[in-house]
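Beneath this line is the structure, given in structure tokens, with notes to follow.
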Amino acid sequence: MRIVTAEEAVSIVKSGDTVFFQGAAMTPNLLIDKLCDRYKELSEVKIVQIHTEGKAKYMEEPYASSFNIYSCFVGGNVRKGINNNKGDYIPIFLSEIHLLFRRNIISLDVAFIQVSPPDKHGYCSLGVSVDIALPALEKAKKVVALVNPRVPRTHGDGIIHINSIDFGVHIDTPLHYASLTEPSEVEEKIGQHVAGLVEDGATLQMGIGNIPNAVLKNLTNHKGLGIDTEMFSDGVLPLIELGVITGEHKKIKQGKIVTCFAVGTQRLYDYVDDNPSVHFKEAAYTNDTHRIRSQPKVTAINSAIEIDFTGQVCADTIGPYQFSGVGGQMDFIRGASLSEGGKPIIAMPSTTAKGISKIVPYLKQGAGVTTTRAHVHYVATEYGLVNLFGKSLKERANALISIAHPDHQEQLEKEMFERFKL
């Protein structure tokens, strides 16, 4: 690894190159910004990423004319640009993104990452974002790394030797944070309904946000829970401290928390630093349906933008507007449904912030189906919880209407009669 300035490091990128950005809390923003500064001398640079944090200058003018983004997930910093034809989205399961690199469907010229300083053996850590960074590093022709002492040294597979890094740039800046906020009354009710499904000894998958946090707050009297997830945040820490999360019943990685990335506060990053009880693996491992189903009582908690009468879940678009991405929802919904005693759960408020029902007769025109009706089992809102598995189309509609907002139930019943010609 040759130590250089950020300007020198990004100078290896040429017009027409394909560049990978590590994401989430580990987004290498200094390298990204310095690359954007070269926009006048570059053209047709292809950017491949999932969710990044910080300002995405490459989506803004005058920089955007030199860069083409192909994102496997759409975060807030690129959402407007992708929906305004300044980039594009690749629909793909998180568990399969590694295949794009390993099968050379996308050939990477350069990878921008962020790592911890090397240990005495010359090994750096990818910190809290191993996910698709690991396969990207395997296949990229050149690797450029920010070397940051604030990066936690995490256990698992996110280890890279300095001989695999071409250029290093020393920095000392905090990672990106995501702070906890208090769940609303609606979110608290949803959390209570979902927590009632969680059994002692269950293996949990959940993301970041107020609904997962509301669920976790209601699990303090549980025993022997495990974590096998694609990501986690600060919400699990109180349960670890209380001895609720032990992982003792897991069949794979018993006693370990397994994840492919984490986003939270400094408290979370301090907890995972050099902690052998937390294993960071690539997404091809964490989201492998066959491995997920091998764990006992997998309880997967995911969200939705809307769900139709038949159980089709749209979780990544608002009509044709690309809001987020397919991500790992299907990986875990399917894995949980096949797990012995497993419970796949879709949890959402009954209405949007504007009071529009999220339970609908038909998905919006242009909406994408994230999880099919055949995969959906439990659905929870603040008004209750239903299980659609084994139910007919009409039975599903009736069940979903029963947990819709009361202000919308009468209209939904009329629409059910029209849709099914009752």
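Throughout, read-outs are computed from the coordinates displayed, never taken from laboratory work. Source: prediction; values computed, not measured. A quick note on method: Cβ atoms are made from the backbone with ideal geometry, for glycine too, and the neighbour counts reach across all protein chains shown.
Given a 10 angstrom Cα cut-off, can you work out which residue in Gln365, Gln192, Gln49 is the most mobile in a GNM of the chain?
With Cα springs under 10 Å in the chain, the top fluctuation among Gln365, Gln192, Gln49 is at Gln365.
Computed from the mean reciprocal separation of all distinct C-alpha pairs, what Kirkwood hydrodynamic radius does region 2-170 have, in Å? Let's see the in-between values first.
Numbers: mean 1/r = 0.0632 Å⁻¹.
In region 2-170 this quantity evaluates to 15.8 Å.
Please list, in order along region 257-262, the HN-Hα scalar couplings obtained from phi with the Karplus expression 6.51 cos²θ - 1.76 cosθ + 1.60 (θ = phi - 60°), rounded to whole Hz, x for Gly and Pro.
Computed from phi, the couplings for region 257-262 are 8, 10, 7, 10, 7, 9 Hz.
Based on Cβ point charges of +1 for Lys and Arg and -1 for Asp and Glu, what charge dipole magnitude is obtained for region 185-420 about its Cα centre, in debye rounded to the nearest 20? If you can, show how the numbers build up before the last one.
On the way: 23 positive and 27 negative charges, 126 e Å.
Once rounded to the nearest 20, the dipole reads 600 debye.
If neighbour count is taken as other Cβ atoms inside 10 Å, put Met1, Met231 in order from fewest to most. Don't jump to the answer; show the numbers that get you there.
Details: Met1 20, Met231 24.
Fewest to most other Cβ atoms nearby, the residues stand as Met1, Met231.
Using modelled amide H (1.01 Å from N, peptide plane; none on Pro or chain starts), what sits under 5 Å from the amide H of Val360, excluding residues fewer than 5 places away?
Those qualifying (amide H under 5 Å, at least 5 residues apart or on another chain) are Ile307, Asp308, Phe309.
Calculate, in nm to one decimal, what Thr372 and Ile356 gain on full extension: separation in residues at 0.36 nm each, minus their alpha carbon distance. Show your work: numbers first, answer last.
Values: separation 16, 0.36 × 16 = 5.76 nm, distance 2.22 nm.
Gain on stretching Thr372 to Ile356: 3.5 nm.
Quick one: compute the contact order of region 2-170, relative version, from alpha carbon pairs under 8 angstrom and 6+ residues apart, as a percent.
With pairs under 8 Å counted, the relative contact order is 24 percent.
Got the relative contact order for region 60-142 handy, in percent, Cα pairs under 8 Å and 6 or more residues apart? Let's see the in-between values first.
Working: 75 pairs, mean separation 20.0, N = 83.
Relative CO of region 60-142 lands at 24 percent.
What does the highest-first list of 60-71, 173-184, 375-386 look like by mean Cβ count within 10 Å? Mind dumping the intermediate values first?
Values: 60-71: 17.4, 173-184: 14.4, 375-386: 21.1.
Taking the mean over residues of other Cβ atoms within 10 Å, the ranking is 375-386, 60-71, 173-184.
Counting residues in region 251-365 as N, plug N into 2.2 N^0.38 Å and put the Cα Rg over that result. Intermediate results must be reported in sequence, preceding the final value.
Numbers: Rg = 16.8 Å, N = 115, 2.2 N^0.38 = 13.4 Å.
The value comes to 1.26.
Given points 7 Å out from each Cα along the Cα-Cβ axis, report the Ile318 to Glu241 separation in nanometres with one decimal.
Each label point is offset 7 Å from its Cα along the Cβ direction, giving 3.6 nm.
Quick one: compute the contact order of region 185-420, relative version, from alpha carbon pairs under 8 angstrom and 6+ residues apart, as a percent. Walk me through the intermediate numbers first.
Working: 534 pairs, mean separation 43.5, N = 236.
It rounds to 18 percent for region 185-420.
Mind putting a number on the dipole of region 320-384 about its Cα centre? Charges go on the C-beta only, +1 for Lys and Arg and -1 for Asp and Glu, and I need it in Debye to the nearest 20. Could you put the intermediate results ahead of the total?
Numbers: 6 positive and 3 negative charges, 45 e Å.
Once rounded to the nearest 20, the dipole reads 220 debye.
Between Asp37 and Asp288, what FRET efficiency follows from the Cβ-Cβ distance if R0 is 41 Å, with the result rounded to 0.05?
Computed FRET efficiency for Asp37 and Asp288 comes out at 0.55.
What residue among Ile245, Ile160, Ile359 has the largest mean-square fluctuation in a Gaussian network model of the chain, using Cα springs under 10 Å?
Result for the chain, Cα springs under 10 Å: Ile160 fluctuates most.
Please get the size of the charge dipole for region 2-170, origin at its Cα centre, with Cβ charges of +1 on Lys and Arg and -1 on Asp and Glu, quoted in debye to the nearest 20.
Values: 19 positive and 18 negative charges, 13 e Å.
Result for region 2-170 is approximately 60 debye, rounded to the nearest 20.
Please report Lys142, Lys358, Lys414, Lys250 as a ranked list, fewest other C-beta atoms within 10 angstrom at the top and most at the bottom. Numbers along the way, then the final one.
Details: Lys142 17, Lys358 20, Lys414 11, Lys250 24.
Taking fewest neighbouring Cβ atoms as first place, the list is Lys414, Lys142, Lys358, Lys250.
When the helix-only estimate is applied to the chain (DSSP H runs of n ≥ 4, each -39,500 (n - 2.57), divided by the residue count), what is the mean residue ellipticity at 222 nm, nearest 500 deg cm²/dmol? Intermediate results must be reported in sequence, preceding the final value.
Working: 14 runs with 106 residues, N = 422.
For the chain, the value works out to -6500 deg cm²/dmol.
What translational D, rounded to a whole number of µm²/s, comes out for region 313-352 from Stokes-Einstein when the hydrodynamic radius is the Kirkwood one over Cα pairs, at 37 °C and 0.692 mPa s?
Numbers: Rh = 11.7 Å.
The diffusion coefficient I find is 280 µm²/s.
Please state, to two decimals, what the Cα-based radius of gyration of the chain comes to when divided by 2.2 N^0.38 Å (N = residues).
Here the answer is 1.00, to two decimals.
Determine, for Val151, Val4, Val298, the number of other Cβ atoms within 10 Å of each Cβ, and report the residues in order from fewest to most. Don't jump to the answer; show the numbers that get you there.
Values: Val151 25, Val4 17, Val298 28.
Ordered from fewest to most neighbouring Cβ atoms within 10 Å, Val151, Val4, Val298 come out as Val4, Val151, Val298.
So if I take the centroid of the Cα atoms in region 15-90 and the same for region 332-408, what is the distance between those two points in Å?
34 Å
Using the structure shown, select from Lys14/Lys141; Lys217/Lys253; Lys86/Lys142; Lys55/Lys139 the pairs with a Cα to Cα distance greater than 22 angstrom.
Cα-Cα > 22 Å for Lys217/Lys253; Lys86/Lys142; Lys55/Lys139; rest within.
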